[in-house]
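Read the structure below first, then the notes.
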Amino acid sequence: MDIQRIGVIGAGQMGNGIAHVCALAGYDVLLHDVKTEKIDAAFELIAMNLSRQVARGKISDADKDRAMKRLSAAPSLDAFSNVDLAIEAATEDEKVKRQIFQSLCPKLNKGAMIASNTSSISITRLASVTDRPERFIGLHFMNPVPLMQLVELIRGIATEEETFQAMQGLVKRLGKTPANSEDFPAFIVNRILLPMINEAVYTLYEGVGTVDAIDTAMRLGANHPMGPLQLADFIGLDTCLSVMQVLYEGLADSKYRPCPLLVKYVEAGWLGQKTKRGFYDYRGEKPVPTR
């Protein structure tokens with residue numbers, strides 16, 4: 001399966017990063033979002049991030065210019081009629097993703113493949129709402145996409161070998177390393193990472209330590225580059241909660257129960273960096289712990 005043109009659905013943090021690396025690798029990229037203003041903002045962010053790569057000597061000015069020329073806005077999914085691969089990078093909500101796939105499939109040509117950037121939801125279940133489960137696969141990029149080297153590849157029960165091999169080739173062309181995961185809740189990275197974050201929130205909830213103490217302990221005591229609560233803010237507390245709910249419901253094990261404090265923060269709309277408040281308050285000159 002020769003991939004030349006890629007459509008990305010969702011112009012948020014993950015979608016713009018995926019569009020960035022695909023355009024830089026030589027693919028023509030269409031970027032779609034229900035809010036057209038988010039597409040313009042994504043292009044501005046991609047240009048800024050490419051400029052950072054130029055400044056660091058990672059790419060040349062010519063590389064940046066070529067990548068930006070390969071990016072196009074897709075105000076509607078009708079523009080996806082000639083893509084070879086559509087990558088869904090919408091919010092981590094199964095109902096939203098299923099609606100996207102049901103709207104997307106009639107727009108695609110018969111040979112086009114579909115990938116979901118879901119970080120936890122069953123690929124088999126998502127594929128079942130499409131007209132091409134054999135051409136459907138999980139392609140889970142890590143955040144931030146331009147910097148992180150890993151991409152999880154997750155086959156659904158119907159995913160054909162040809163689709164799997166095509167996605168392996170794509171990941172390698174992007175200069176990243178594929179890790180193959182079975183289709184179980186949260187796959188590999190989040191199956192391990194999110195329970196650690198959830199336990200850090202429990203540690204805060206039970207008064208074992210403050211936000212600053214917990215993050216300092218894990219940075220200096222476990223040599224983590226970022227404390228778990230700071231990392232949760234970076235990921236988005238709503239996404240953290242969604243993954244924990246998928247784990248709890250999918251594996252029926254009480255050790256995956258989302259911490260009530262995490263639920264409370266999400267209910268308050270304190271979702272981390274993207275809303276300027278989470279376990280840290282980002283509205284001032286430097287982040288300040290909120291507990």
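For the reader, a short list of remarks on this structure follows.
- Flag if Ala73 is assigned by TED's automatic domain parsing to the domain that holds Phe164, under 11 Å from Ile9 (Cα atoms) and surrounded by 14 or more Cβ atoms within 10 Å (Cβ to Cβ): yes
- If you go through the stretch 189-217 and keep only what is over 16 Å from Gln245 (Cα atoms) and β-branched (Val, Ile, Thr), you end up with Thr203, Val208, Thr210, Val211, Ile214, Thr216.
- Filtered residue count, the stretch 233-277, keeping only those that are in contact with a Pro (Cβ under 9 Å, 6 or more places away or on another chain) and either buried (at least 21 other Cβ atoms within 10 Å of the Cβ) or of a type in the set (Asp, Glu) (or both): 9
- Only one entry of Gly209, Gly221, Gly236 meets the criterion of being on the phi > 0 side of the Ramachandran plot and not polar (S, T, N, Q), and that entry is Gly236.
- For Leu194: the one exception among (1) crowded, with 23+ Cβ neighbours inside 10 Å; (2) more than 21 Å from Trp270 (Cβ to Cβ): (2)
- Filtering the stretch 164-178 to residues that are in a loop (DSSP other than H, G, I, E, B) and not charged (D, E, K, R) leaves Leu174, Gly175.
- Residue list for the stretch 76-97, filter: of a type in the set (Lys, Arg), touching a helix residue (DSSP H, G or I) at 6+ places or on another chain (Cβ under 7 Å) and over 13 Å from Gly10 (Cβ atoms): none
- Here Ser181, Ser116 are screened, and the one residue that is modelled with pLDDT of 95 or more and buried (at least 20 other Cβ atoms within 10 Å of the Cβ) is Ser116.
- Some residue of the stretch 93-107 being surrounded by fewer than 17 Cβ atoms within 10 Å (Cβ to Cβ), among the β-branched types (Val, Ile, Thr) and on the phi < 0 side of the Ramachandran plot: yes
- Restricting attention to the stretch 139-165, the residues that are closer than 22 Å to Ser128 by Cα and surrounded by fewer than 20 Cβ atoms within 10 Å (Cβ to Cβ) add up to 7.
- Within the stretch 36-64, considering residues that are touching a helix residue (DSSP H, G or I) at 6+ places or on another chain (Cβ under 9 Å) and surrounded by fewer than 14 Cβ atoms within 10 Å (Cβ to Cβ), the one nearest to Lys274 (Cα to Cα): Ser51
- Residue, farthest from Ala112 (Cα to Cα), within the stretch 1-47, restricted to residues that are touching a residue at least 60 places away in the same chain (Cβ under 8 Å) and among the small types (Gly, Ala, Ser): Gly12
- Unmet requirement for Ala186, which otherwise passes all of (1) surrounded by 15 or more Cβ atoms within 10 Å (Cβ to Cβ); (2) more than 18 Å from Asp253 (Cα to Cα); (3) among the small types (Gly, Ala, Ser): (2)
- In the set Lys64, Lys69, only one residue is basic (Lys, Arg), in contact with a Leu (Cβ under 8 Å, 6 or more places away or on another chain) and at pLDDT 95 or above; that residue is Lys64.
- Among all positions in the stretch 78-86, there is at least one residue which is free of Cβ contacts under 8 Å to residues at least 60 places away in the same chain, over 25 Å from Lys274 (Cβ atoms) and assigned by TED's automatic domain parsing to the domain that holds Ile121.
- Screening the stretch 179-291 for helices (runs of 4 or more DSSP H) wholly inside it with 3 or more residues that are over 22 Å from the mean Cα position of the chain (by Cα) and not acidic (Asp, Glu) returns the ranges 189-205, 211-221, 260-268.
The values are calculated or read from the model by the stated rules, or taken from the named source; none is laboratory data. Quantities reported herein were computed from a predicted structural model and do not represent experimental measurements. Methodologically, a virtual Cβ is constructed for each residue, glycine included, from the backbone with ideal geometry; neighbour enumeration extends over all protein chains shown.
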